[in-house]
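For reference, the structure discussed in these notes is given below.
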Amino acid sequence: MIRLHVNGKNVDIDADPTTPLLYVLRDHLQLNGAKFGCGLGQCGACTVMVDGKPVFSCVTPIAALAGRRVKTVEGLGTLDNPGPVQRAFIEEQAAQCGYCIPGMMMRAQALLESDPNPTPAEIRRHMNPNLCRCGTHMRILRAVERAAGLMKQAKGGGAK
Ligand code: FES
Ligand code: FES
């Protein structure tokens, strides 16, 4: 039994310690936001946050996560009350098929929590590991910029 901390709650998981976090999220916790793309740490569809950093959950065994904070796209907001990153992706219509989008949102969230004022070049560099097979990268980059603005508004802050 391994205790994980996911989206603010402790959960006890009965699974082999080598099980990838992605499988536990989807199969044990019914958190289906993170997606299986390559399973090899090469596409970013499975991206979640661990202790504020983006990680590929498909190659992260749950044994590495005791005492660490996992956040998934479900932890960013709800359908009725989406978080700033979720709102920005909706407003920019960043999704085409949508398969890559939860991972994109989590990578963006990690960036904006550590740097609320990234430059466009910094956003592009940070988002680079996550791929979109539909090619909506330009809309995704715009959504991340919009999310930065929404987060600043929410905090009552101004522009850089
Ligand atoms: S499914 Fe994890 S990086 Fe592709
Ligand atoms: S929207 Fe289809 S893979 Fe990105």
Handout entry: Pairs beyond 21 Å (Cα-Cα), from K9/K155; K35/K71; K35/K152
Key = K9/K155; K35/K152
Practice task
Please give the helix 101-114 orientation as an angle from the longest Cα principal axis of the chain, in degrees from 0 to 90, rounded to the nearest 10.
Solution key: 70 degrees
Exercise for the section: Order the following by accessible area, largest value first: L131, L22, L141. Probe radius 1.4 Å; ligands, DNA and RNA are ignored. Expected result: L131, L141, L22
Fill in the blank from the handout: Sequence order, region 34-42: Karplus ³J(HN,Hα) from phi using 6.51 cos²θ - 1.76 cosθ + 1.60, θ = phi - 60°, Hz rounded, Gly and Pro as x, gives 5, 10, 8, x, 9, x, 10, x, 10
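Just the number, please: carbon plus sulfur as a percent of the accessible area of region 61-154, 1.4 Å probe, no ligands or DNA/RNA counted.
For region 61-154, the apolar C and S fraction of the accessible surface comes to 51 percent.
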Handout entry: Accessible-area value, V6, 1.4 Å probe, nucleic acids and ligands omitted, Å²
Key = 10 Å²
Fill in the blank from the handout: Per the rule of 0.36 nm per residue minus the C-alpha distance, extending A154 to L40 adds in nm 37.4 nm
Problem - Dipole-positive endmost among V73, A34, L131 within the chain (Cβ charges, Cα centre) - result: L131
Handout entry: Accessible area (Å², per residue) of the chain, counting only protein heavy atoms and a probe of 1.4 Å
Key = 53 Å²
Completion exercise
Residue separation between R69 and M1 times 0.36 nm, minus their alpha-carbon distance, gives in nm 22.8 nm
Handout entry: Counting DSSP beta bridges with both ends in the chain, the antiparallel % (nearest 5)
Key = 85 percent
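Would you work out the Kirkwood radius for region 7-134? I mean one over the mean of 1/r across all pairs of different Cα atoms, in Å.
Working: mean 1/r = 0.0672 Å⁻¹.
Value: 14.9 Å, from the Cα pair sum.
The values are calculated or read from the model by the stated rules, or taken from the named source; none is laboratory data. Values in this document were obtained by computation on a predicted structure and should not be read as measured data. Note that we place each Cβ from the backbone using ideal geometry, even for glycine, and neighbour counts take in every protein chain shown. These area figures cover heavy atoms from the full protein model, side chains too; ligands, DNA and RNA do not enter into them. Shrake-Rupley method; radii C 1.70, N 1.55, O 1.52, S 1.80 Å.
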